[in-house]
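Comments concern the structure below.
The values are calculated or read from the model by the stated rules, or taken from the named source; none is laboratory data. Just so we're clear, the structure is a prediction, and the values are computed from it rather than from any experiment. Every residue, glycine among them, receives a Cβ derived from its backbone with ideal geometry; neighbour counts consider all protein chains shown. Note: accessible area is taken over every heavy atom of the protein model, side chains too, but ligands, DNA and RNA are not part of it. Shrake-Rupley method; radii C 1.70, N 1.55, O 1.52, S 1.80 Å.
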There are 2 protein chains.
Amino acid sequence: MVTIYDVAKEAGCSPTTVSKAFNNYSGVSDATFKKIMEAADKLGYTVNTNARALATKKTWLLGVLFSEDVNTGIAHPHFSEILQSFQVRAGEYGYDVVFVNKRLGNREASYLEHCKYRGVDGVLLAANKMFTDEIQSVLSSEIKCVSVETNYPNQHTVISDNRMGSLQALEYLYFLGHRKIAHIACPLTSVAGQERYSAYKEFLKSKGIEENPKYLVETNAFKAEEGIAAATQLLQQAWDDLPTAIYCGYDEIACAAMTTFRAQGFRVPEDLSIVGFDNVAISGFTTPTLTTIEQDRGAIGRNAADTLIKMIEGKELNQPLDMRIPTKLIVRNSCARI
Amino acid sequence: MVTIYDVAKEAGCSPTTVSKAFNNYSGVSDATFKKIMEAADKLGYTVNTNARALATKKTWLLGVLFSEDVNTGIAHPHFSEILQSFQVRAGEYGYDVVFVNKRLGNREASYLEHCKYRGVDGVLLAANKMFTDEIQSVLSSEIKCVSVETNYPNQHTVISDNRMGSLQALEYLYFLGHRKIAHIACPLTSVAGQERYSAYKEFLKSKGIEENPKYLVETNAFKAEEGIAAATQLLQQAWDDLPTAIYCGYDEIACAAMTTFRAQGFRVPEDLSIVGFDNVAISGFTTPTLTTIEQDRGAIGRNAADTLIKMIEGKELNQPLDMRIPTKLIVRNSCARI
DNA sequence: TTCTTGAAATAAATCCTTTTATTAACATTA
DNA sequence: TAATGTTAATAAAAGGATTTATTTCAAGAA
């Protein structure tokens, strides 16, 4: 391996000077700088990150931590898009992204141990189970964190504006003339579930519509199967007075519910209008295509990277940040005027 | 930071012994071993990867390299699933996964430079553009590589059995009575495109069906829009003698083509049977749901990890490995007996 | 009792950079 | 001319682990 000693010898100066040159420190004349760079090029020198990190205690590494109980992990379409833009933006600042898991060499370990082991400068947190000891211990350590799925008290968060999105969906249905609007809520253990549900209640109140418990179904997971069960349950409990529209907290659930309704003989959107949330890939391909709320995952990832790096580089954020990324209504074909 | 010196003092032994204990080397008595572990626990010691890597020249880091010109990057559903299983398996062996990009600190760099900079022990290559200088330079360096999208000459590859999958799709159509089978090929610049196309030709030959150039359309990208264009083109060029079935090299293209055909008044599957390839999420949600070929992405990721780690750990693979992962026919509703 | 042998333990060197003092050389000011 | 200041360059220590070569010590053999 080529070291700064080799470069120094080639350039006819000391290793210290080579180091300074590569770090753009002052105290290196233009002539020497040039000689050093030429020597480095010639020898094919690359700085050794490990030695550098050892000396500086800075790794230029950001950890990504996602709960693996969601067995899809990175493969989750929502998160993978956030991760993609996070990773690109982090790269622009010179940071690399590494996955944090619950292992250390050949044994089980905690996330925190893993972070310390790798010496990450900061962590992107993407856990949708809100509170686990594992994650708490990372949050309460001195490691810088930004969360993109859940907003933890006193922690920096970058997350979609669930209230805004819900109101966009609901106002649209209201505009189309709907007054009997049901809600299939995504899991209330998640922040998304909670916020979308409470926006639903807020909306009804603001329009002077009374809450009807028969128009509410709660699901237990962000999965298609839950949509089938929810649709069935909704039909049962509201049989005598069916809603004309459904606001559904998550696209996959909405799509599965839509299929179920159609299988029961309902026409969408003629008999039943449906709005989803998330704008995942499938929603553009269902019959009918799904009207939904788009999350700006690129913006979430980028802002998360910006925030995390600001913290790392000591630009103090004066208060825990709860950044909300605006959502957008995507009108397709699953809603009709009543 | 707690070091082996601190642990040594606490345990009443030398740093060397602590190091040996943590590496499970011989020459540490049971009693001392126990004392060391207790001391380490008490002080909250974690080994410093950077120091270790500096001394051993081994980082326990695997790089993931994917061409970013596919602007979706990790967010691509196919690749993100492979990556997920790769990452989990690598973790079981004690390796962490880091993204490799084309930057180094604040300047542009090559993939190879980045790999050397991070000192990765090996690289997972997921580029579908076959040959670029960038990638060639990594392949011809001494860095261990496994490829999961493209099979490069004399390199280890883990990839789906495109021939098998194609024949499964085509035999199924044949079994349903179809003889006029068209092919919408995915980009022939990709290995997937090439192999699926050549299997199509092989199939026709084996059945004694003459190749009809009107029944072939080539696309330029793995994108839905290409499916629309391809469907339109197919209808134009084969208008006088339409095929009864279409084997389509990629699901998204198949779905978009299907939508286009239906918009033109064709019934699927009554007028036209369609088979895709990949089993991406949307194919279970289209109308009709799409019959397709499933790739075992979990197996690809796991086998890639196994292979790469074997290479790293010096278990020589006697020859460049071209591992083919079996595919599976998923029968849904887009095909009918003629 | 002395000598061997082997296991357990350690000292010191090494891996490559960064950083903190220092030094050297030269220009400026009084 | 002497004193001061500035810039360029360097020597040496530090960072935390591993590794090689030694040493220590106790048990077994002669």
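A few remarks follow.
- The listed residues are A:Y25, A:Y93, and the only one of them that is open to solvent by 10 Å² or more (accessible area, probe 1.4 Å) and more than 13 Å from every other protein chain (Cβ to nearest Cβ) turns out to be A:Y25.
- Residues satisfying the stated conditions in the range A:39-54, i.e. more than 19 Å from A:G91 (Cα to Cα) and facing chain B (nearest Cβ under 9 Å): A:G44, A:A51, A:L54
- Which numbered condition B:T32 misses (of (1) part of a helix (DSSP H, G or I); (2) within 10 Å of DNA strand D (Cβ to nearest atom); (3) more than 21 Å from A:E113 (Cβ to Cβ)): (2)
- Where B:S140 falls short, out of the listed (1) modelled with pLDDT of 90 or more; (2) closer than 24 Å to B:N220 by Cα: (2)
- Test for A:T327: is it within 13 Å of another protein chain (Cβ to nearest Cβ) and in contact with a helix residue (DSSP H, G or I) (Cβ under 9 Å, 6 or more places away or on another chain): no
- Identity of the residue in the range B:29-50, within 9 Å of DNA strand C (Cβ to nearest atom) and surrounded by fewer than 16 Cβ atoms within 10 Å (Cβ to Cβ), that ends up farthest from the chain's Cα centre (by Cα): B:A31
- Restricting B:A127, B:A185 to those that are open to solvent by less than 40 Å² (accessible area, probe 1.4 Å) and in the same structural domain as B:E225 (by TED's automatic domain parsing) reduces the list to B:A185.
- Just so you know, in the range A:51-67 the residues that are touching a helix residue (DSSP H, G or I) at 6+ places or on another chain (Cβ under 6 Å), of a type in the set (A, V, I, L, M) and not in a strand (DSSP E or B) include one that is farthest from DNA strand C (Cβ to nearest atom), and it is A:A53.
- Residues that are within 13 Å of another protein chain (Cβ to nearest Cβ) and surrounded by fewer than 18 Cβ atoms within 10 Å (Cβ to Cβ) do not occur anywhere in the range B:244-261.
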